[in-house]
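Heads up: the structure comes next, in structure tokens.
The values are calculated or read from the model by the stated rules, or taken from the named source; none is laboratory data. This is a predicted model, so every value here is computed, not measured. Cβ: placed from backbone, ideal geometry, glycine included. Neighbour counts: every protein chain shown. With ligands, DNA and RNA removed, areas are computed over all heavy atoms of the protein, side chains included. Shrake-Rupley method; radii C 1.70, N 1.55, O 1.52, S 1.80 Å.
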Amino acid sequence: MSENLIEVKDLRTYFFIDGGVVKAVDGVSFNVERGKTLGIVGESGCGKSITSLSIMQLLESPPGKIVGGEIIYNGENLLNKTKEEMRHIRGNKIAMIFQEPMTSLNPVFTVGQQIVEALLIHEEGITKEKAKERAIEMLKLVKIPLPEKRFNEYPHQLSGGMRQRVMIAMALSCNPELLICDEPTTALDVTIQAQILELINELKEKTGASVMMITHDLGVIAEIADDVMVMYAGKVVEQADTDSIFEKPLHPYTIGLMNCIPKLTEEVEELSVIKGMVPSYDDMPKGCAFCPRCDYAKKICEEEMPELIELEGRKVRCHMYSEKWKEEN
Amino acid sequence: MENKKEETKKVPLLQVRNLKKWFPSKSGVFSRKKAYIKAVNDISFDVGYGETIGIVGESGCGKSTMGRSVLRLIEPTSGEIIFEGKDFMKLKDAELRKSRSEMQIIFQDPYASLDPRMTVGEIIAEPLDIQTNLSKEEKREKILKVMEVVGLNPKYYNRYPHEFSGGQRQRIGIARAIILGPKLIVCDEPVSALDVSVQAQVINLLKKLQKDMGMAYLFISHDLSVIKHISDRVIVMYLGNIVEIADKDDLYNNTLHPYTKALLSSIPIAARNVKREKIIMEGDLPSPANPPSGCVFHTRCYMAQDICSKEAPKLVDYGNGHKCACHFCKNKVTE
């Protein structure tokens, strides 16, 4: 039995805007096991990025606020930590890389300075020389050619793929136990994406860190994740290990997502679609949030939000697997 | 389908010959030497009536520049563009503007390509204002009809772009492009900014419109799966050059160029039990300002040998219009 590095329980992050409440993350629970990769997948606005920002407590507040839930890390609830303690955990224990490496690096400092800065802040008693050595070591680890030269270069002198490598080097420089990757390859070309995914996989093996991979791309999930969580409109709709989710997706949304991407391996005249679009926050359906787009929806779906139920050792939030749905015509 | 092929054989809708677009790159104030970024470097291909040509490549390969040069939205440096037998390069302002009713473009970013201060009705009306003398009522009627065709509720006629989602905005862009009944539409990454569930809706719409109206598409995308789904023929570009061009089935089933192979193997496939050979290319795309000598791909190629850095391979036809620019694909074919 593997142990959980982080346990998120019933996390609720709301945004208070214009007198209204946007429930960006609405009762999300999941675990990340030690040394494993959890993939979180969903379309824009489903709450996947807000989930990760909540763990890091990097939300812009106001308007964002964690209104409920627990984030248990090594037996302690991160939501009870002070700002000072969280600053220590961020970077040292949990590190994060973002989608757009250009905007997350400071353009007026060399990449070397930026990695050294991270080390000086997080490693107590490290000297500048030692930090530089470590930084170059990290650049080597992420396979940046000529690390000594790159150390003195500015972000604009690097390509998108190289910048993302620098971000990874910086994130891993303090040996975090959890690496959160928020769409790390979305802005990159496919050939570079393949390199970065391979690198993340390799480093995970090497350092034993756990990874949370947030993406909209089911292909990336198949490539890298051990477990998957599918989100829709702020809620988890399906949770399973990666093999079973690709073998047999249970939730109509997951099924729809898999069917609507054009595939290299098969030929179809028309792509199957998920009709309509994601409901806006001020127009959430009363029952299941996916109901207006769902091909299997019945009356019960319009009226009641389904619970996340356990099924075949997996979890799914859908009435389709309830007796009530089966009885209804 | 048969008809389409036959027509293609007669006279192509569009013939592009030796198209070049070189951008002068910055050089020192006193330096006399001029450097160029060869964004599109000597490209030739045909587009048949009602055909979809997919153009695929990584960022910076020149695919968008090529699409825009073909429409002369940016002026090509040299080359020939023959549209329906007429020399498109020779057209002057007024004639050029007139010919635009035959060729249109859809952009990637539906947020940036619509004027936020114009209503949907006004946006779609613009081509009609420029190209026709229709009365207000006639225009309105036409616009409402085209809105219905692209799946926009006609009651949104007076709304502004910000009131729409990404997918709907792309539909507005499509409505604007098809209202004059063009023969060619350049689609520049039209679905890249959209969520996958909406992406499928827009792709299906584009296919349906083509079936009903018969226009040709020059479909530019970095996504090989989308390209495969929508194209009849595919052009693979690398650093301003065509490296491979073929019928879709030939390209995907009998891939010749090592770059195309690497691209195909880099796509993460959304399935677990697929075993396939993975080619992970080393390094980054070289800068187009300073392209490698010889074959532009040799710095990243896993098959490269001495000759590749010295001599640029020619685009050779290996049968059925399957062309490839590589020193070694000939051996492969004869094997």
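The single residue among B:I174, B:I227 that is crowded, with 23+ Cβ neighbours inside 10 Å and within 12 Å of another protein chain (Cβ to nearest Cβ) turns out to be B:I227.
Within the range B:121-163, the set of residues being closer than 21 Å to A:V278 by Cβ and touching a residue at least 12 places away in the same chain (Cβ under 8 Å) comprises B:V150, B:G151, B:L152, B:Y156, B:R159, B:Y160, B:P161, B:H162.
Tell me which residues, restricted to the range A:203-221, are within 14 Å of another protein chain (Cβ to nearest Cβ), of a type in the set (A, V, I, L, M) and open to solvent by less than 10 Å² (accessible area, probe 1.4 Å). Talk me through it step by step, then tell me what you get.
To start, the set of residues in the range A:203-221 that are within 14 Å of another protein chain (Cβ to nearest Cβ) comprises A:213, A:215-221.
Those left that are additionally of a type in the set (A, V, I, L, M): A:213, A:218, A:220-221.
Hits for the range A:203-221 are A:M213, A:V220, A:I221.
Counting just the residues of the range B:253-269 that are out of contact with any Ser or Thr (no Cβ under 7 Å at 6 or more places or on another chain) and open to solvent by 30 Å² or more (accessible area, probe 1.4 Å), which one comes out modelled with the lowest pLDDT?
Going through the range B:253-269, the residues out of contact with any Ser or Thr (no Cβ under 7 Å at 6 or more places or on another chain) turn out to be B:253-260, B:265, B:268-269.
Keeping just the survivors that are open to solvent by 30 Å² or more (accessible area, probe 1.4 Å) gives B:253-254, B:269.
Working: B:N253: 91, B:N254: 91, B:I269: 85.
This residue is B:I269.
Of the residues making up the range B:199-208, none is open to solvent by less than 20 Å² (accessible area, probe 1.4 Å), within 11 Å of another protein chain (Cβ to nearest Cβ) and not in a helix (DSSP H, G or I). Criterion applied to B:S99, B:S113, B:S59 was being modelled with pLDDT under 90 and open to solvent by 50 Å² or more (accessible area, probe 1.4 Å), and the one residue passing it is B:S59. If you filter the range A:308-318 down to residues that are touching a helix residue (DSSP H, G or I) at 6+ places or on another chain (Cβ under 9 Å) and closer than 18 Å to A:G27 by Cα, you find that the one that is surrounded by the fewest Cβ atoms within 10 Å (Cβ to Cβ) is A:I309. Considering every residue within the range B:79-95, establish whether at least one is of a type in the set (V, I, T) and under 16 Å from the mean Cα position of the chain (by Cα). Yes: one or more hits. Suppose we filter the range A:248-264 for residues that are open to solvent by 20 Å² or more (accessible area, probe 1.4 Å), more than 8 Å from every other protein chain (Cβ to nearest Cβ) and not polar (S, T, N, Q); how many remain? Residues flagged as open to solvent by 20 Å² or more (accessible area, probe 1.4 Å), more than 8 Å from every other protein chain (Cβ to nearest Cβ) and not polar (S, T, N, Q) within the range A:248-264 amount to 3.
Would you mention how many residues in the range A:96-150 are part of a loop (DSSP other than H, G, I, E, B), open to solvent by less than 30 Å² (accessible area, probe 1.4 Å) and in contact with a Pro (Cβ under 6 Å, 6 or more places away or on another chain)? Matching residues across the range A:96-150 total 1. Please identify the pairs in which a residue from the range A:142-159 that is under 16 Å from A:Q114 (Cβ atoms) has its Cβ atom under 7 Å from the Cβ atom of a residue that is part of a loop (DSSP other than H, G, I, E, B) and open to solvent by 70 Å² or more (accessible area, probe 1.4 Å), counting only partners at least 6 apart or on another chain. Listed by first residue and then by second, the contacts come to A:Y154/A:P107; A:P155/A:P107; A:H156/A:P107. The sole residue among A:V41, A:V22 that is touching a Ser or Thr at 6+ places or on another chain (Cβ under 9 Å) and in contact (Cβ under 8 Å) with a residue 24 or more places away in the chain is A:V41.
Picking from B:T299, B:T255, B:T260, which residue would you name as being over 24 Å from the mean Cα position of the chain (by Cα) and either among the β-branched types (V, I, T) or closer than 18 Å to A:G161 by Cβ (or both)? Result of the check over B:T299, B:T255, B:T260: B:T299. Just one of the listed residues (A:E183, A:E153) is surrounded by fewer than 23 Cβ atoms within 10 Å (Cβ to Cβ), over 25 Å from A:N92 (Cβ atoms) and more than 8 Å from chain B (Cβ to nearest Cβ), namely A:E153. When the helices (runs of 4 or more DSSP H) confined to the range B:81-152 are screened for residues that are touching a helix residue (DSSP H, G or I) at 6+ places or on another chain (Cβ under 7 Å) and of a type in the set (D, E), those reaching at least 1 such residues are found at B:120-131, B:136-149.
Hey, does the range B:232-240 have a residue that's crowded, with 22+ Cβ neighbours inside 10 Å, within 11 Å of chain A (Cβ to nearest Cβ) and not in a loop (DSSP other than H, G, I, E, B)? Yes, some residue in the range B:232-240 is crowded, with 22+ Cβ neighbours inside 10 Å, within 11 Å of chain A (Cβ to nearest Cβ) and not in a loop (DSSP other than H, G, I, E, B).
So in the range B:270-299, with the set limited to residues that are surrounded by 19 or more Cβ atoms within 10 Å (Cβ to Cβ) and either in contact with an Asp or Glu (Cβ under 6 Å, 6 or more places away or on another chain) or small (G, A, S) (or both), which one is farthest from the other protein chains (Cβ to nearest Cβ)? Only one residue tops the list, namely B:L285. Taking the range A:1-79 and the strands (runs of 3 or more DSSP E) fully enclosed by it, the elements with 3 or more residues that are open to solvent by less than 50 Å² (accessible area, probe 1.4 Å) and either modelled with pLDDT under 90 or under 30 Å from A:C260 (Cβ atoms) (or both) are at A:4-17, A:20-33, A:37-41. Any residue at all in the range B:165-181 that's under 18 Å from the mean Cα position of the chain (by Cα), modelled with pLDDT of 90 or more and part of a loop (DSSP other than H, G, I, E, B)? There is no residue in the range B:165-181 that is under 18 Å from the mean Cα position of the chain (by Cα), modelled with pLDDT of 90 or more and part of a loop (DSSP other than H, G, I, E, B).
Can we say A:Y232 is at the interface with chain B (Cβ under 10 Å from one of its Cβ atoms) and among the aromatic types (F, W, Y)? Please lay out each step first, then the result.
On the way: at the interface with chain B (Cβ under 10 Å from one of its Cβ atoms): no; among the aromatic types (F, W, Y): yes.
So A:Y232 does not fit the description; no.
A count restricted to the range A:295-329 and to residues that are among the charged types (D, E, K, R) and on the phi > 0 side of the Ramachandran plot stands at 1.
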